[in-house]
Amino acid sequence: MNELLLDPARDASEGGREPAQASFSDEANPLGLNGIEFIEYATSRPQALGHVLEMMGFRPVARHRSREVLLYRQGGLNIVVNAHPVADREADAADEPPAISAIALRVRDARAAYRHVLERGGWEAPTHPEAMELNIPAIHGVGGSRLHFVDRYREFSIYDVDFVPIPAVERQPPALAGLHVFGIVQYIGRGRSADWIAFYRELFGTTVIPDEERFGILPAGTLLRAPALDATNGFLLQLVEPRGTDGDAGGERLQRIGLGAPDVLAAVQALRARGIEFVETAATHSGQRGALTKTYLGSVVFELVHSPAR
C-alpha cells in the first residue's frame, strides 16, 4: 500500500488542500498524538465476539444510535464491535472471522491532524455519518483498515454523541488486574518493514525501538514507539514479517492487541478464572514478561505484556 504514500515531492496544495497548521511544528509529535481512543472489530458474529470480550474483562456499556455497533469498555480500554452491514462485503462474509478494522487515535486537533497526514501522502477514507452523527476523519491503514483521528476524549467524548448508554450498566467499569493498552501487532508482507517504518514515521512521528529493547514473550519483528502528549498514553506498534519459509497467508493486517499488565501472572490468573485459556508450550508460555491467549473465533487473540500500572 504505502509505496505510493510517501512522495516528498508531492505538492502540498494538490487538490486545494491547505498546508498543515503551524501549531503542528513539534517534530517529536507532529499530530499531537495522545494514545488510542478505541480499537474496532468488524464481525458478523457480534454476540460470540462479545462473549470473548466479556471473558477478557470488558463490559458492554453503550449502543450506537443508528448502527449495529456496541461499545465495550474496561478502565481506559474501549473496543467497538461493529456488525453493521457493509455494502461491498461478499456473500460469504458470515463465515469470515472477526478482524481489527479500525484504530482511533487521540490527537490534539482532529481536523488539523487529518490535513497533516493527507499532505504527507495518507489516503483519505470516506466516512458516511448519518444525521446527527459525528464525522470522524480517517485514512486508510493496513489491509483495508482505517485510522481515525479523535480530539473529543476528555469531559465530552465521541460516545456522548453517537452512542446511547445501556441502562443500569456502569459506564466506567474498572480494568481487570490493571490492564491497559500496550500496543498493536501488525502483520506485514515479506521485505515490507522499511516501507511501513517510513509510513508511520512520516505520518505519525513514530520512532524505531532498538533491537536490544524487547517486550513480552513474542519479540519478533520491529517495534515502533508512538509519541504522546502524556507519557502514560504512549503505545507501541509491532511490525512482523513472515519468518523462514512461512508464506504471507492472510495478507497484511492488524493481527492482535497487546495489553499491558503491572503483574502479568496475576492478570493470567484472573483471566483464567473467567474462562480465558492461554498458550502454554515450550516456546511460548505465560511468565512475568508476558502471556498469549489462545485464538478465539479463528482470529481473536490478546497478548499480555509486563507494563507498569497507569
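Numbers for the structure displayed
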read-out: Residue match in segment 220-234 (condition: farther than 25 Å from Gly57 by Cα, without any contact (Cβ under 8 Å) to a residue 60 or more places away in the chain and not in a strand (DSSP E or B)); value: yes
read-out: Within segment 209-259, considering residues that are of a type in the set (Asp, Glu) and in contact with a helix residue (DSSP H, G or I) (Cβ under 9 Å, 6 or more places away or on another chain), the one farthest from Tyr296 (Cα to Cα); value: Glu241
read-out: Test result for Gly260, crowded, with 20+ Cβ neighbours inside 10 Å, farther than 26 Å from Gly144 by Cα, in contact with a Gly (Cβ under 7 Å, 6 or more places away or on another chain) and in the same structural domain as His180 (by TED's automatic domain parsing); value: no
read-out: Yes/no for Ile184 being at pLDDT 95 or above, over 19 Å from Glu40 (Cα atoms), assigned by TED's automatic domain parsing to the domain that holds Phe204 and buried (at least 16 other Cβ atoms within 10 Å of the Cβ); value: no
read-out: Residue identified as within 30 Å of Tyr114 (Cα to Cα), in a loop (DSSP other than H, G, I, E, B) and not charged (D, E, K, R) among Gly250, Gly260, Gly275; value: Gly250
read-out: Subset of segment 262-279 [small (Gly, Ala, Ser) and over 17 Å from Ser307 (Cα atoms)]; value: Ala273, Gly275
read-out: Options Arg171, Arg214; residue that is farther than 30 Å from Asp26 by Cα, of a type in the set (Lys, Arg) and in a loop (DSSP other than H, G, I, E, B); value: Arg171
read-out: Residue list for segment 288-303, filter: of a type in the set (A, V, I, L, M, F, W, C) and either closer than 11 Å to Arg256 by Cβ or touching a Ser or Thr at 6+ places or on another chain (Cβ under 7 Å) (or both); value: Leu292, Val300, Val301, Phe302
read-out: Selection within segment 210-225 - surrounded by 20 or more Cβ atoms within 10 Å (Cβ to Cβ) and over 20 Å from Leu292 (Cβ atoms); value: Leu224
read-out: Ala93, sole failed condition from (1) out of contact with any helix residue (DSSP H, G or I) (no Cβ under 9 Å at 6 or more places or on another chain); (2) at pLDDT 95 or above; (3) not acidic (Asp, Glu); value: (2)
read-out: In segment 28-58, residue surrounded by the most Cβ atoms within 10 Å (Cβ to Cβ) [restricted to those that are under 16 Å from the mean Cα position of the chain (by Cα) and either in the same structural domain as Thr293 (by TED's automatic domain parsing) or small (Gly, Ala, Ser) (or both)]; value: Ala42
read-out: Qualifying residue in segment 192-204 (condition: at pLDDT 95 or above, in a loop (DSSP other than H, G, I, E, B) and of a type in the set (D, E, K, R)); value: yes
read-out: Strands (runs of 3 or more DSSP E) wholly inside segment 32-74 containing at least 2 residues that are in contact (Cβ under 8 Å) with a residue 12 or more places away in the chain, of a type in the set (A, V, I, L, M, F, W, C) and within 24 Å of Ala270 (Cβ to Cβ); value: 36-42, 69-74
read-out: In segment 263-310, residue farthest from the chain's Cα centre (by Cα) [restricted to those that are buried (at least 20 other Cβ atoms within 10 Å of the Cβ) and of a type in the set (Gly, Ala, Ser)]; value: Ser286
read-out: Within segment 144-166, considering residues that are modelled with pLDDT of 95 or more and outside any strand (DSSP E or B), the one nearest to Pro98 (Cα to Cα); value: Ser145
read-out: Scope segment 174-201; condition under 20 Å from Pro308 (Cα atoms) and not aromatic (Phe, Trp, Tyr); matching residues; value: Pro174, Ala175, Leu176, Ala177, Gly178, Leu179, His180, Val181, Gly183, Ile184, Val185
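The values are calculated or read from the model by the stated rules, or taken from the named source; none is laboratory data. The shown structure was predicted, so the numbers you read here are calculated from the model rather than taken from an experiment. Neighbour counts are summed over all protein chains in view; Cβ atoms, including those assigned to glycine, are modelled from backbone coordinates with ideal geometry.
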